[in-house]
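The values are calculated or read from the model by the stated rules, or taken from the named source; none is laboratory data. Keep in mind that what you see is a predicted model, and the values were worked out from it rather than measured. All Cβ positions, glycine included, derive from the backbone under ideal geometry; neighbour counts span all protein chains shown. All accessible areas refer to the heavy atoms of the entire protein, side chains included, with ligands and DNA or RNA removed. Shrake-Rupley method; radii C 1.70, N 1.55, O 1.52, S 1.80 Å.
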Amino acid sequence: MPITIEGALTKNLDRLYEIETECFKQEAFGKQHIAHLLTDYDSISLVARADGEIAGFIIGIIYGQGNAFVGHILTVDVSPAYRRKGIGLQLMQEIEKLFMGKGVRTCHLEVREHNLAALRLYEKSGYRKVNKLKNYYGNANGICLRKVLA
Ligand SMILES: CC(C)(COP(=O)(O)OP(=O)(O)OC[C@H]1O[C@@H](n2cnc3c(N)ncnc32)[C@H](O)[C@@H]1OP(=O)(O)O)[C@@H](O)C(=O)NCCC(=O)NCCS
């Protein structure tokens with residue numbers, strides 16, 4: 001199945017929100033939040049298409065920390081029917097390239113400690129655990145992971 005990655009557009013919002021709610025229940029990003037991120041100057045949003053259909057997306061944001069720019073991946077979501085086809089991995093690789101093009105040298109993210117699929121994806125992408133985030137997701141713990149991009 002040919003996978004292509006492109007910038008997310010506001011007109012994709014309904015599909016992105018649909019995927020977000022397929023992936024997460026109570027903790028799904030709200031539609032307005034996604035809409036805001038799609039137009040935020042400091043964020044990068046990408047969609048993956050499989051056979052032309054939007055199958056997943058990723059949103060990251062860049063901010064300054066001291067003299068450096070840091071990338072923060074906020075979410076990566078792949079619709080259940082399209083999982084284990086390398087889409088998550090491609091979205092990660094593509095956003096990292098764009099981060100680097102904007103001067104980002106390190107990237108970090110958070111994940112629920114029991115989200116095995118995401119943890120494996122991040123470790124396969126080269127992220128390493130930094131610390132545990134107690135009750136980061138209400139009653140559930142999070143893990144912060146980090147990667148030096150260059
Ligand atoms: C996590 C998620 C984005 C992975 O997307 P994906 O397109 O299926 O991932 P890929 O096919 O690129 O997988 C890359 C690697 O991640 C690991 N992986 C992915 N899904 C996995 C699973 N269910 N169990 C174990 N390892 C898994 C594997 O190492 C895989 O490589 P392999 O298929 O060669 O073994 C997807 O499961 C998802 O959308 N989950 C719900 C949303 C979510 O939790 N997002 C992360 C929020 S922090």
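Screening the chain for DSSP H helices whose Cα atoms reach 20 Å or more along their own axis and whose mean Kyte hydropathy is at least -0.5 gives 87-101.
When only Cα pairs below 8 angstrom with a gap of at least 6 residues are kept, region 3-148 shows a relative contact order of 18 percent.
Taking a point 7 Å from the Cα of residue 139 along the Cα-to-Cβ direction, the residues of region 1-42 with backbone N closer than 18 Å to it are 25-28. Here the spin labels are modelled as points 7 Å beyond Cα on the Cα-Cβ line, and at residue 10 and residue 131 they lie 3.9 nm apart. Taking amide H as placed 1.01 Å from N in the peptide plane, the amide H of residue 133 sits under 5 Å from that of 142, 143, 144, each at least 5 places away or on another chain. Remark on residue 55: its backbone amide H falls under 5 Å from those of 48, 49, 50, a criterion applied only to residues 5 or more positions apart or on other chains, H modelled at 1.01 Å from N. Counted without the sites themselves, the longest stretch of the chain free of trypsin sites (Lys or Arg not before Pro) in a DSSP loop having at most 15 other beta carbon atoms within 10 Å is 26-82. Working from label points 7 Å from Cα in the Cα-to-Cβ sense, the residue 120 to residue 150 distance is 3.2 nm. Solvent-accessible surface of region 79-150, taken per residue with a 1.4 Å probe and all protein chains present: 60 Å². Applying a threshold of 29 Å to the alpha-carbon distances of 85/129; 25/85; 11/85; 85/147; 25/102 flags 25/102 as lying beyond it. For the chain, the ratio of Cα radius of gyration to the globular rule of thumb 2.2 N^0.38 Å stands at 0.99.
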